[in-house]
1. Can you pull out every residue in the range 88-115 that is more than 22 Å from Asp204 (Cβ to Cβ) and open to solvent by less than 50 Å² (accessible area, probe 1.4 Å)?
2. With the requirement that a residue be surrounded by 20 or more Cβ atoms within 10 Å (Cβ to Cβ) and outside any strand (DSSP E or B), what does the range 161-184 give you?
3. Quick one: in the range 358-376, which of the residues that are out of contact with any strand residue (DSSP E or B) (no Cβ under 6 Å at 6 or more places or on another chain) and assigned to a helix (DSSP H, G or I) is surrounded by the fewest Cβ atoms within 10 Å (Cβ to Cβ)?
4. State yes or no: is Ile121 in a strand (DSSP E or B), closer than 30 Å to Leu69 by Cα, out of contact with any Asp or Glu (no Cβ under 8 Å at 6 or more places or on another chain) and open to solvent by less than 80 Å² (accessible area, probe 1.4 Å)?
5. Are any residues in the range 323-357 open to solvent by 40 Å² or more (accessible area, probe 1.4 Å), in a helix (DSSP H, G or I) and either in contact (Cβ under 8 Å) with a residue 40 or more places away in the chain or under 15 Å from Ser247 (Cα atoms) (or both), and if so, which ones?
6. If I filter the range 52-61 for residues that are assigned to a loop (DSSP other than H, G, I, E, B), in contact with a Phe, Trp or Tyr (Cβ under 6 Å, 6 or more places away or on another chain) and among the charged types (D, E, K, R), do I get at least one hit?
7. So if I check each of Leu59, Leu85, which one is under 26 Å from Gly179 (Cβ atoms) and open to solvent by less than 70 Å² (accessible area, probe 1.4 Å)?
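The values are calculated or read from the model by the stated rules, or taken from the named source; none is laboratory data. Keep in mind it's a predicted model, so treat the numbers as computed, not measured. Positions of Cβ are backbone-derived with ideal geometry, glycine not excepted, and every protein chain shown enters the neighbour counts. Quick note on the areas: whole protein, heavy atoms, side chains included, nothing else; ligands and nucleic acids left out. Shrake-Rupley method; radii C 1.70, N 1.55, O 1.52, S 1.80 Å.
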Amino acid sequence: MPRRKLSEYRSKKLVNDVLSVPYEGWSVVLARETDKVKGYDSYVVKVDQAVKGRFKKGLVLLDIKQADLSKAVKELEEKGYSSFLIEPYVTHEQTTERYLAITHDRSGYSLLCSSKGGVDIEQNAASIEKHPLDGKQDWNVLADKTGIAREQLQRLVQAFKDNFFVFLEINPYLVTAGGITVLDCAIEVDDAAAYFVGGWNEDDIRNPQVTAKRSEEEEVKRLDANSPASFNLSVLNPDGSVFLLLSGGGASVVIADEVHNLGLGKELANYGEYSGNPNTEETFIYTSQVLKLMLASRAKNKVLFVGGAVANFTDIANTFAGIIQALDVYGEELARQGVKIYVRRGGPRQEIGLAKIEAALKKHGLLGGVYSPKTSISEALHTALKGLK
């Protein structure tokens with residue numbers, strides 16, 4: 001998936017380096033690694049797996065003494081997590097917490113800021129000011145509003161672009177006579193850039209899930225290990241409303257990214273793809289796992305988008321035959337839940353495949369739309385998600 005979250009540890013290393021602010025923190029994955037943490041009287045221990053709302057979920061432990069660090073990490077391990085961040089504990093008044101974010105979307109780059117940061121920023125949404133970074137911005141005004149020097153802000157925006165960030169949030173941070181203190185930081189990146197940036201790599205990416213994978217993910221992992229074709233599946237939101245069944249190649253990245261651009265990123269239930277010309281049986285197994293996830297979701301309205309670019313080698317009729325077999329198994333239950341399925345695909349034997357899958361969707365009362373390459377992927381996806389916005 002193109003938008004992935006970096007660990008808080010890596011995010012803070014990047015941001016503090018750009019701001020020329022010293023940073024000390026320790027990334028640990030095992031309780032025994034707390035032996036390397038030294039030098040302070042008290043610490044904060046956090047789950048560092050891109051989990052939102054950690055504080056309210058009890059995944060941030062405050063004012064932990066040196067002797068209790070191992071115990072604190074074990075407490076969080078028992079909740080199913082495996083990546084942690086330990087930092088010196090900074091005491092402060094909650095009223096001094098500030099908020100800053102940089103975003104990038106179709107309209108361009110923007111800076112958002114508020115003097116009311118912290119865990120309740122959503123309740124203080126009206127206090128957030130949005131400033132377009134369109135070349136006309138007044139850096140002195142932004143420096144005054146954020147408490148961050150104009151040169152630091154300029155470097156931060158440039159680092160955002162250079163490192164292929166798509167979202168940066170510093171919440172909260174403190175501005176005191178001693179300088180800036182970043183208490184929490186989140187960065188989302190375009191993971192396709194992992195191969196040509198120097199500031200982060202694949203090892204820095206975190207997934208907001210506990211160690212245990214769902215059975216459907218494990219089944220796809222086994223399928224991938226025993227096939228010359230390629231399969232992967234990740235659950236992003238078990239109760240999401242947007243499900244994807246994607247073929248490999250650049251189109252799968254484009255489709256997932258477009259869901260985010262349409263404002264439905266939080267509704268994206270899964271990401272994954274199949275590629276390498278899988279046979280009918282393999283496609284049946286893979287599709288079955290996606291449909292089982294879909295049936296288990298508690299979302300009221302659910303859409304499945306079956307998509308991909310125009311294939312060069314993958315036999316569309318064969319792979320669609322596997323999808324149709326899975327629809328025959330789960331179609332009745334999907335129809336009871338009001339699921340609609342949209343298809344956009346092209347490649348060898350596409351006419352046969354598209355005709356057969358359209359007939360199957362009609363038979364089960366699941367037809368949303370079936371499109372050939374004459375319809376762009378973006379147009380087909382917009383149509384599929386129109387009812388969810």
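1. Taking the range 88-115 and keeping what is more than 22 Å from Asp204 (Cβ to Cβ), we get 89-99, 105-115.
Residues satisfying the conditions are Glu97, Tyr99, Gly108, Ser110, Leu111, Leu112, Cys113, Ser114.
2. Across the range 161-184, the qualifying residue is only Asp184.
3. Per the criteria, the residue is Lys362.
4. no
5. Passing the criteria: Gln325, Val329, Tyr330.
6. Step one: of the range 52-61, the residues assigned to a loop (DSSP other than H, G, I, E, B) are 52-59.
With in contact with a Phe, Trp or Tyr (Cβ under 6 Å, 6 or more places away or on another chain) added as a condition, the list becomes none.
No; the residues of the range 52-61 include none that is assigned to a loop (DSSP other than H, G, I, E, B), in contact with a Phe, Trp or Tyr (Cβ under 6 Å, 6 or more places away or on another chain) and among the charged types (D, E, K, R).
7. Details: Leu59 fails: under 26 Å from Gly179 (Cβ atoms).
Exactly one of Leu59, Leu85 is under 26 Å from Gly179 (Cβ atoms) and open to solvent by less than 70 Å² (accessible area, probe 1.4 Å), namely Leu85.
Results for (1) over 12 Å from Leu19 (Cβ atoms); (2) in contact with an Asp or Glu (Cβ under 7 Å, 6 or more places away or on another chain); (3) in a helix (DSSP H, G or I), shown as yes or no for each residue.
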| site | (1), (2), (3) |
| --- | --- |
| Gln137 | yes, no, no |
| Val141 | yes, no, yes |
| Asp144 | yes, no, yes |
| Ala159 | no, no, yes |
